[in-house]
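Trainee: The following block contains the structure, expressed as structure tokens.
Where a number appears in this text, it was derived from the coordinates with a stated rule and is not lab data. Not measured: the values here are computed from a predicted model. Counting neighbours? That spans all protein chains shown, and the Cβs are built from the backbone with ideal geometry, glycine included.
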Amino acid sequence: MRPTLKTTLAAALVLILCAAPGAQAPKPFTAQDMLDVSSASVLDLSEDGRHVAVSVRRPFDNAETDHRRYGDPTYVAPSRVKLLVIDTRTGDVRTPFPGLVNVRAAAWARDGQRLAILTMPDGAAGTPPALHIWDAERAALTVVPAEPSTRIAAGSDLEWSADGTRIFVSLRSPDRDRAAAERFRAVTEGPVVVHSSKEPFLEWDELRREPRHVTVAALDPGTGRTTTLLPERRVASYRVTRDSKLVTFMEDVTEKTDYEVIAGTTSALRAVGDGASEPRTIVDAKDLKGVQPRWSDDGRMFAYAKNGEVFVQGVDEEKPRSLTPRPKEEKPDEAAPAGPGTDKPRPESFSPSLFSRDGSKLLITSRKGWYVANVADGKRMHVLALDEAEEEPQGRRNPRISPIAWSLEGDAIYVTWSAADRWDRGVMRLPLGRPAAPPADVLEPLVRDARLYSGVRMSRDGSTFVLAISDGDRPADLYVADSRFTSVKRLTDLNPWLADRALPRSELVAYRDVDGRELYGVLRYPAGYVKGQKYPTVFEIYETFFDNGFNARAAFLTNHGYAVFHPSVNLVVGRPGEAWVKGVTSAANRLIEMGIADPDRLGVHGTSYGGYATVLLITQTDRFKAAINISGKVNMISFYTDSPRLGVRNTHAPEKSQDRIGGTLWEYPERYLDHSAILHADRIKTPLLTISGDQDPNVPASQSREIYYALRRLGKEVEWVRYVNGGHRPPNSVSEATDFEQRILAWYDRHLKAESKKKTTDSQGQ
């Protein structure tokens, strides 16, 4: 289509303005720029809110990982960051280390003046972690002496004692690490490896559990000496009570590989301390199956849900108490499901959320809303009403609301908020003590606008909030706010260099799929967008999308004249494959109607599950002129049992989780066949680029090999790019990362731009 006079004049006006004296056109956002974008994570906030420890990470600094050692219990992948200590009152920023450091954990002492930092040094394998103490008042860093016979575990938590004289850590025996490394080498290098079904665990499942063999100890930060609190056991997790007198821990007592849950663990809740020399059992393993306890602030009370019923128990109590007892005439397992032909409603199902600071109340949630229950007697008050008839995950009527923390007085709960149908987001306060009502009627906004709010933390004294805020188009920065959000100040400026880069504008777009279900997607406009002009448009697919936020690849592609859209689909267990053709093609229609997408220049790509969806989609439609599969599976049958280093991951995914097949290969063989793109490769007309990492433990590179050879055999256009040292995200160096993004761009340019130019030239010649 030839440009209209109106669009030509508009484009010319943009060029004139950019060329005017003093005006400077923004620089393009490049593939190299993608590696330079910094992001921040809060490691810990002091109890008084005065100091926050922050790690700042760039992809450029962490581009290379030894993927061949995936599953090695002694290998810690590099995660080099700049560590910042920020004074939230003055904005003063200190850097305890002169350069990048591999930080594993950080924790403030209760006085807010000392920060314990656990790091892994770069260098030879087997080098132990190091513990440092940063004194905020003196701006001084010291190294804690290490005992030669033990070492702090790389995955250890750090927690200070109440009096600040000790740090609770987990320790690993050097002998155990050496044995684990040798076992890994034997499994990967042989020369002979035997696997037997008579062994209780899959070899890789047992290796994954090896780091749980730890000793829990109290460490003197001055001398480095440790005092054993819990001798070596297989500890899945542990915590120390607020008074530092008791250690509660989940002991992994799993007897064999569990195929029902990814990384399934059977644990017993035990405790040691309070004057006792031997651990005692609080809850037996059989009663904790599938349970995740929620703990009170003092660490002496916990809550959990079982069959939709919420129980609470103190560490000194012999048995749990129900806060939401079921009617006596029915048992949970015998409750009739609601539905046509049944008069019996489904009993309300509850989940525990947050204890109040004093542990006297518990926030409980259900599809009907939020309740506050008295821990002592179970009396509960309905504090927030929700529409329980809504459908998930989209087409929802309820806003998304997540609790952050209770107020210190126990009279309110702080929450994050996001509207259901627009970018209306923020932090709000739910006052307690009034009748339940819909969110719009009871929530009090503290800060509310179209920006993205994430990672909200409240200091223990309730005076300070630290959170990440983004305008939705640029990377987030950290901010600090007082308890009423009357003052919100910026703490970081992580990417000032992006100010002169051309970043895309985003928009939330609503559309309906083939079944008439309303869905949402996120549109990123091309850089220099001119209204009325149609653009080549690429769809990056995964599952559902609603929120915007900085997206580096979208920024790169939009700088090269592409519109980028992240559509949502309605996935159904048993037949997920049809969702892609129903939802993504409808999204394409909507963008064409909006006058943005050129119907003859549509592309589609995805990574992992999105790559799987991409190849499955192009077996059902030829509307897309180019497709890219990044680390996605194409054969559900060969993939089903091909996950050696992931244990049961690739059998569980189709049976019970993301792949949504709904059962085993032997129960539903036809579903596995229907969702194997390799078996429908003869229908593919879209040129396909498939990219894989040879060391990918999640989706083996053989999946890309299968579709490459199939399409080549069928005479289709296909290209396979292998990153020999790459993992699930294929590139494994700075140069490879740049090469990776350039290949994606080149594939789209070849099929969505070069072909268009050729057609334009041919039509002009005629």
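Trainee: Exactly which chymotrypsin sites (Phe, Trp or Tyr not before Pro) in region 593-689 are in a DSSP loop and have at most 16 other Cβ atoms within 10 Å? Intermediate values should be presented prior to the final figure.
Mentor: Working: sites: Tyr609, Tyr612, Phe624, Phe639, Tyr640, Trp666, Tyr672; in loops: Phe624, Trp666.
Passing both the DSSP loop test and the Cβ count: Trp666.
Trainee: Let me know the Kirkwood hydrodynamic radius for region 202-335, please, with Cα pairs as the basis and the value in Å to one decimal.
Mentor: Numbers: mean 1/r = 0.0602 Å⁻¹.
Taking the inverse mean of 1/r over all distinct Cα pairs, region 202-335 comes out at 16.6 Å.
Trainee: Just to confirm a number: summing +1 for Lys and Arg and -1 for Asp and Glu over residues other than Glu593 whose beta-carbon lies under 12 angstrom from that of Glu593, what do you get?
Mentor: Details: positive: Arg512, Lys534, Arg590; negative: none.
Cβ neighbours under 12 Å give a net charge of +3.
Trainee: Could you please state, rounded to a whole Å, how far the C-alpha centre of region 167-231 is from the C-alpha centre of region 79-111?
Mentor: If we compute the Cα centre of each part, the gap is 29 Å.
Trainee: Under a plain spin-label model, where a point goes 7 Å from the Cα along Cα-to-Cβ, how far apart in nm are Ala162 and Ser638?
Mentor: About 6.1 nm, to one decimal.
Trainee: Could you give me the percent of Cα pairs per 10 Å distance bin for region 115-202, shortest bin first, beginning at zero and ending with the bin that holds the maximum distance?
Mentor: Whole-percent P(r) values from 0 Å outward: 13, 35, 25, 16, 8, 2.
Trainee: Please report the projected area of region 392-505's Cα convex hull averaged over all directions, in nm².
Mentor: Convex hull of Cα atoms, orientation-averaged projection: 8.5 nm².
Trainee: Hey, another quick one. If you wrap a convex hull around the Cα atoms of region 227-273, how much volume per residue is inside, in Å³?
Mentor: Working: hull volume 3.8 nm³, N = 47.
Taking only Cα atoms, region 227-273 has a hull volume of 81 Å³ per residue.
Trainee: Relative to the Cα centre, what is the charge dipole magnitude of region 544-613, using +1 at the beta carbon of each Lys and Arg, -1 at the beta carbon of each Asp and Glu, and rounding to the nearest 20 debye? Spell out each step's value before the answer.
Mentor: Details: 5 positive and 5 negative charges, 28 e Å.
Approximately 140 debye in magnitude.
Trainee: So who's got an amide H within less than 5 Å of the one on Lys361, skipping anything under 5 residues away but keeping other chains? H placed 1.01 Å off N, in plane.
Mentor: Amide H neighbours of Lys361, under 5 Å, 5+ apart: Ser356, Val375.
Trainee: Can you tell me the 0 to 90 degree angle between the C-alpha axis of helix 174-189 and the longest principal axis of the chain, rounded to 10?
Mentor: Once rounded, one gets 30 degrees.
Trainee: Taking 7 Å along the Cα-to-C-beta vector as the label spot, tell me the Thr486-Ala25 distance in nanometres, rounded to one decimal.
Mentor: Inter-label distance under the simple model: 4.9 nm.
Trainee: For region 440-567, would you read off the P(r) tail past 17 Å as a percentage of all alpha carbon pairs? Before the final figure, lay out each step's value.
Mentor: Numbers: 5350 of 8128 pairs.
Cα-Cα pairs in region 440-567 separated by more than 17 Å: 66 percent.
Trainee: Any chance you could give the angle, 0 to 90 degrees and rounded to 10, that helix 609-618 forms with the longest Cα principal axis of the chain?
Mentor: 30 degrees
Trainee: Here is a follow-up. Any number yet on Rg/Rh for region 628-766, C-alpha, Kirkwood? Walk me through the intermediate numbers first.
Mentor: On the way: Rg = 17.7 Å, Rh = 16.6 Å.
Rg divided by Rh gives 1.06.
Trainee: Using 0.36 nm per residue, how much length does the chain from Asp424 to Glu189 gain when fully extended, once their Cα-Cα distance is taken away? List each step's numbers first, then the result.
Mentor: Details: separation 235, 0.36 × 235 = 84.60 nm, distance 5.43 nm.
Using 0.36 nm per residue and subtracting the Cα-Cα distance, I get 79.2 nm.
Trainee: Specify the angular offset, from 0 to 90 degrees and rounded to the nearest 10, of the alpha carbon long axis of helix 702-713 from the longest principal axis of the alpha carbons in the chain.
Mentor: Approximately 20 degrees, to the nearest 10.
Trainee: When Lys and Arg each count +1 and Asp and Glu each count -1, what net charge do the other residues less than 13 Å away from Val310, Cβ to Cβ, add up to?
Mentor: In short, +4.
Trainee: Roughly how many debye, to the nearest 20, is the charge dipole of region 431-490 about its Cα centre, given +1 on each Lys and Arg Cβ, -1 on each Asp and Glu Cβ, and no other charges?
Mentor: 140 debye
Trainee: Given a cut-off of 13 Å, what percent of all Cα-Cα pairs of region 540-588 lie beyond it? Walk me through the numbers on the way to the answer.
Mentor: Values: 708 of 1176 pairs.
Percentage above 13 Å: 60.
Trainee: Could you check how many percent of all C-alpha pairs in region 68-141 are farther apart than 20 Å? Walk me through the intermediate numbers first.
Mentor: Numbers: 983 of 2701 pairs.
Within region 68-141, distances greater than 20 Å cover 36 percent of Cα pairs.
Trainee: With a point put 7 Å past each Cα toward its Cβ, work out how far Arg242 is from Glu260 in nm, to one decimal.
Mentor: 3.5 nm
Trainee: Could you give the length gained on full extension between Ser402 and Ala276, defined as 0.36 nm per residue of separation minus the Cα-Cα distance, in nm? Mind dumping the intermediate values first?
Mentor: On the way: separation 126, 0.36 × 126 = 45.36 nm, distance 3.89 nm.
Between Ser402 and Ala276, full extension yields 41.5 nm more.
Trainee: Related question: Straight-line reach from Lys656: which aspartates and glutamates fall under 14 Å, measuring Cα to Cα and dropping same-chain residues less than 8 apart?
Mentor: The reachable aspartates and glutamates, counting only those whose Cα sits under 14 Å from Lys656, are Asp258, Glu260, Glu667.
Trainee: Once you have the Cα-Cα distance between Val76 and Glu182, take 0.36 nm times their residue separation minus that, and quote the gain in nm to one decimal.
Mentor: On the way: separation 106, 0.36 × 106 = 38.16 nm, distance 1.58 nm.
Additional length available on full extension: 36.6 nm.
Trainee: Under the √(5λ) rule applied to the eigenvalues of the Cα gyration tensor, what semi-axes describe the equivalent ellipsoid of region 537-691? Give them in Å, descending. Write down the numbers at each step before the final one.
Mentor: Values: eigenvalues 154, 52, 41 Å².
Semi-axes from the Cα gyration tensor: 28, 16, 14 Å.
Trainee: Roughly how many whole Å is it from the C-alpha centroid of region 519-567 to that of region 710-733?
Mentor: Region 519-567 and region 710-733 have Cα centres spaced 25 Å from each other.
Trainee: Sticking with this one: How high is the relative contact order of region 157-224, in percent, counting Cα pairs under 8 Å that sit 6 or more residues apart? Each step should come with its number before you reach the end.
Mentor: Working: 52 pairs, mean separation 33.2, N = 68.
Once normalised by length, the contact order is 49 percent.
Trainee: Would you mind counting up the charge near Lys633? Only other residues with Cβ under 11 Å from its Cβ, with Lys and Arg at +1 and Asp and Glu at -1. Before the final figure, lay out the partial values.
Mentor: Details: positive: none; negative: Asp642, Asp659, Asp696, Glu706.
Every neighbour counted, the sum reads -4.
Trainee: Read phi for every residue in region 696-701 and hand back ³J(HN,Hα) as whole Hz from Karplus 6.51 cos²θ - 1.76 cosθ + 1.60, θ = phi - 60°, with x for Gly and Pro.
Mentor: So the Karplus estimates, Gly and Pro as x, are 5, x, 8, 10, x, 4 Hz.
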